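The values are calculated or read from the model by the stated rules, or taken from the named source; none is laboratory data. Quick caveat, the model's predicted, so the values are computed rather than measured. When we count neighbours, we look across all protein chains shown, and the Cβ atoms used for this are built from the backbone with ideal geometry, even at glycine. We work out accessible area using only protein heavy atoms, side chains counted, and drop any ligands, DNA or RNA first. Shrake-Rupley method; radii C 1.70, N 1.55, O 1.52, S 1.80 Å.
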Amino acid sequence: MKHILIVVFLFTTVQFSAQTDAENLKKIYSNSLTNGMSYQWLDHLSNQIGGRLSGSLNAEKAVQYTKEELEKLGLDKVWLQPVMVPRWVRGAPEFAYFETSPGVTTNVNICALGGSVATPTGGIKAKIIEVGSYTELKALGEDKIKGKIVFINRPMQADLINTFEAYGGCSVERYAGAAEAAKYGAVGTIVRSLNLRLDDYPHTGSMGYGDLPNSKRIPSAAISTNDAELLSGMIALNKNLNFFFSQNCKQLADVQSYNVIGEITGSEFPNEIIVVGGHLDSWDLGDGSHDDGAGVVQSMDVLRLLKESGIRPKRTIRAVLFMNEENGLRGGKKYAEVAKSKNEKHVFALESDSGGFSPRGFSFQCSEAMLAKIQSWRSLFKPYLIHSFEAGYSGADIGPLKDDNIVLAGLRPDSQRYFDHHHAANDTFEHVNKRELELGAASMTALVYLMDTYGTETISNEVELRD
Ligand SMILES: [Zn+2]
């Protein structure tokens, strides 16, 4: 009899809480779609401030702006966390052409890769050689490469449904191509933009030289996909094609910047911390609206939507706007370092850094038992067309928080259009849809609410009752 009573009691409790959860999710989504702030904040970040490369004046403006906006929300605490960041500047616009016969030139669209050195004053002109991949480059050796510009033409794989997988497949070419080519005496590298579409925008992104001495470092630039196709066609016709490019970028001394943090202190377990975040810095060619202005404003709105929906979290919820994800990850590393030095207990961290498109779900780095618990909330998300709750990558900025206990997650929006804009001049506000952005903010708030309500422990009542 006693057992039956317990079962009945549990059943009604579960029924009641499922109903409350559904009502709270409804409130969160309605608030975001009718009364959200993400779009307005993104408008300001994109159109009043613009691209926010680490160490730039714009990045500092974004720190001040987001801090002021968080202060208006009546949170328990808002503060700036100092962090030293690298400062790379692009300088004068890049210029490039190929030469089919002496004096006959065709201009192409390039941009310096972040972290690259400049060309010598007046630019570089040399024979160009094409390779299809990093592996092919390594196989060519000094004989073929010395004194030439290497054109690394590896298109993103079009038949992968998750475009981030296609991006991951080609990123070593962009990041490490120049350092590898330099070993064989190349004088520069031109890398095909990581964009699935054919268009005229060159896409920047970080590159590095590893331990290559300064004297051996060669300039590296990205070329638009249309021009990569054109150049490849011209090389096929003329193996002795000359290529010219000039760029004036420079690495300056590190400067002081900040992570921006806002917090709602937990009502029951204030020492258990949940982080929701995105990165405040961006590349300089566009306005960083999708990457990652969207993640920044969605994270800010999570705190606001919890308050607006009358939800008082049991645990401490922090929105962290990380600085310097793009070319250093210093903000993410600093946040984790401070958390560790203060012995803070982080139980869950969620990042949005995959664009402001329609949310499809989340991917998780956690135990199988925890993933199963999260997947049991699926039906609550069904009305909002959120269906994907899978194991997978979380986010760069929250990565340094990883330990055996924390659950890490990433918002997974539809990824088909993301690389049309990623790190390019067309990553601008008009390419972000208001409702898609707001649905993302609501989905993040809903997951944070459920994580806060049910915690990250995985020992369920059923298991406890078994003896
Ligand atoms: Zn990003």
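Can you name the condition, by its number, that Gly185 falls short on among (1) under 31 Å from the mean Cα position of the chain (by Cα); (2) in contact (Cβ under 8 Å) with a residue 40 or more places away in the chain? Of the numbered conditions (1) under 31 Å from the mean Cα position of the chain (by Cα); (2) in contact (Cβ under 8 Å) with a residue 40 or more places away in the chain, the odd one out for Gly185 is (1).
Scanning the stretch 208-216 for any residue that is part of a loop (DSSP other than H, G, I, E, B) and over 20 Å from Tyr134 (Cα atoms) turns up at least one such residue.
Those strands (runs of 3 or more DSSP E) of the stretch 65-171 in which 2 or more residues are under 23 Å from Pro213 (Cβ atoms) and touching a helix residue (DSSP H, G or I) at 6+ places or on another chain (Cβ under 9 Å) occupy 149-152.
Among helices (runs of 4 or more DSSP H) entirely within the stretch 308-421, having at least 1 residues that are in contact (Cβ under 8 Å) with a residue 24 or more places away in the chain, away from the ligand (no atom under 16 Å from the Cβ) and open to solvent by 10 Å² or more (accessible area, probe 1.4 Å) singles out 330-341, 368-375, 378-381. Tell me which of these Lys127 doesn't satisfy, since it passes every other one: (1) charged (D, E, K, R); (2) closer than 22 Å to Phe244 by Cβ; (3) at pLDDT below 95. Of everything listed in (1) charged (D, E, K, R); (2) closer than 22 Å to Phe244 by Cβ; (3) at pLDDT below 95, Lys127 misses just condition (3).
Here is a yes/no grid of residues against (1) in contact (Cβ under 8 Å) with a residue 24 or more places away in the chain; (2) surrounded by 22 or more Cβ atoms within 10 Å (Cβ to Cβ); (3) in contact with a strand residue (DSSP E or B) (Cβ under 6 Å, 6 or more places away or on another chain):
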site: Ser30; (1), (2), (3): no, no, no
site: Asn35; (1), (2), (3): yes, no, no
site: Ser38; (1), (2), (3): yes, yes, no
site: Leu42; (1), (2), (3): yes, yes, no
site: Val63; (1), (2), (3): yes, no, yes
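I'd like the full set of residues that are assigned to a helix (DSSP H, G or I), farther than 14 Å from Gly310 by Cβ and of a type in the set (A, V, I, L, M), limited to the stretch 27-41.
Keep residues of the stretch 27-41 that are assigned to a helix (DSSP H, G or I), which gives 27-35, 38-41.
If we keep only those that are farther than 14 Å from Gly310 by Cβ as well, we get 29, 32-34, 38-41.
The answer is Leu33, and nothing else.
Consider Val187 carefully, then state whether it is of a type in the set (Val, Ile, Thr), buried (at least 16 other Cβ atoms within 10 Å of the Cβ) and farther than 18 Å from Ser354 by Cβ. The answer is yes for Val187.
Yes or no, residue by residue, for (1) surrounded by 15 or more Cβ atoms within 10 Å (Cβ to Cβ); (2) within 16 Å of the ligand (Cβ to nearest atom):
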{"position": "Pro213", "(1), (2)": "no, no"}
{"position": "Thr225", "(1), (2)": "yes, no"}
{"position": "Leu230", "(1), (2)": "yes, no"}
{"position": "Ala253", "(1), (2)": "no, no"}
{"position": "Asn259", "(1), (2)": "yes, yes"}
{"position": "Glu268", "(1), (2)": "no, no"}
{"position": "Asp291", "(1), (2)": "yes, yes"}
{"position": "Gln298", "(1), (2)": "yes, yes"}
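If I filter the stretch 280-289 for residues that are aromatic (Phe, Trp, Tyr) and closer than 30 Å to Asn24 by Cα, do I get at least one hit? No. Of all the numbered requirements in (1) more than 15 Å from Gly395 (Cβ to Cβ); (2) within 16 Å of the chain's Cα centre (by Cα), Trp377 misses one, and that requirement is (2). Residue under question is Phe164, and the condition is that it be assigned by TED's automatic domain parsing to the domain that holds His203 and open to solvent by less than 10 Å² (accessible area, probe 1.4 Å); does it hold? No, not satisfied.
So, in the stretch 210-221, of the ones that are touching a helix residue (DSSP H, G or I) at 6+ places or on another chain (Cβ under 6 Å) and in contact (Cβ under 8 Å) with a residue 40 or more places away in the chain, which residue ends up nearest to Glu94 (Cα to Cα)? Filtering the stretch 210-221 for residues that are touching a helix residue (DSSP H, G or I) at 6+ places or on another chain (Cβ under 6 Å) and in contact (Cβ under 8 Å) with a residue 40 or more places away in the chain, the one nearest to Glu94 (Cα to Cα) comes out as Ser220.
Number of residues in the stretch 271-287 that are out of contact with any His (no Cβ under 9 Å at 6 or more places or on another chain) and either of a type outside the set (D, E, K, R) or away from the ligand (no atom under 12 Å from the Cβ) (or both): the value is 8.
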